[in-house]
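The values are calculated or read from the model by the stated rules, or taken from the named source; none is laboratory data. Note that the structure is a prediction, hence the values are computed from the model and not measured. Every residue, glycine among them, receives a Cβ derived from its backbone with ideal geometry; neighbour counts consider all protein chains shown. Side chains are part of the model used for accessible areas, which takes the heavy atoms of the whole protein and leaves out ligands, DNA and RNA. Shrake-Rupley method; radii C 1.70, N 1.55, O 1.52, S 1.80 Å.
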Amino acid sequence: QVQLVESGGGLVQAGGSLSLSCAASGSTSGIKHMAWYRQAPGKQREAVATVQSTGSTYYADSVKGRFTISKDNAKNTVYLQMSSLKPEDTAVYYCFAYVGLGYWGKGTLVTVSS
């Protein structure tokens, strides 16, 4: 099993920046990829960014050029650096890890005010 704990959410003004962290523990050696998802009120959860064990990354079109996903293998931590934030980025952001099974964190709320 893998346990995921997110941190770093909060309130920020439009145009600002925020950084999220997700610390993984447990059976982390088998993690194939990690990702950040988000779910806005009344909307479906959507993938924001993914980082593979190889280091390759994927971004949703809506965040390309504004968000950066990175990982620190030594700390078993994945980060999401968010800049030029928009009100539509407001959501609960969830960390996800795939180890043959998928594991989710509890989420952290990001609120972007206009």
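Quick look at the numbers
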{"read-out": "Pair list, Cβ under 7 Å, 6 or more apart: region 66-83 residue under 14 Å from Ser25 (Cα atoms), other residue modelled with pLDDT under 95 and of a type in the set (Val, Ile, Thr)", "value": "Asn76/Thr28"}
{"read-out": "Matching strands (runs of 3 or more DSSP E) fully within region 27-101 where at least 2 residues are among the β-branched types (Val, Ile, Thr)", "value": "46-52, 67-72, 77-82"}
{"read-out": "Only one of Ser84, Ser56, Ser17, Ser27 that is over 12 Å from the mean Cα position of the chain (by Cα), open to solvent by 40 Å² or more (accessible area, probe 1.4 Å) and at pLDDT below 95", "value": "Ser27"}
{"read-out": "Long-range neighbours under 9 Å by Cβ, at least six apart or interchain, first residue farther than 15 Å from Leu109 by Cα within region 40-64, second exposed (fewer than 13 other Cβ atoms within 10 Å of the Cβ) and among the polar types (S, T, N, Q)", "value": "Thr50/Ser56; Ser53/Asn73"}
{"read-out": "Residues satisfying the stated conditions in region 102-114, i.e. buried (at least 18 other Cβ atoms within 10 Å of the Cβ) and either aromatic (Phe, Trp, Tyr) or in a loop (DSSP other than H, G, I, E, B) (or both)", "value": "Tyr103, Gly105, Gly107"}
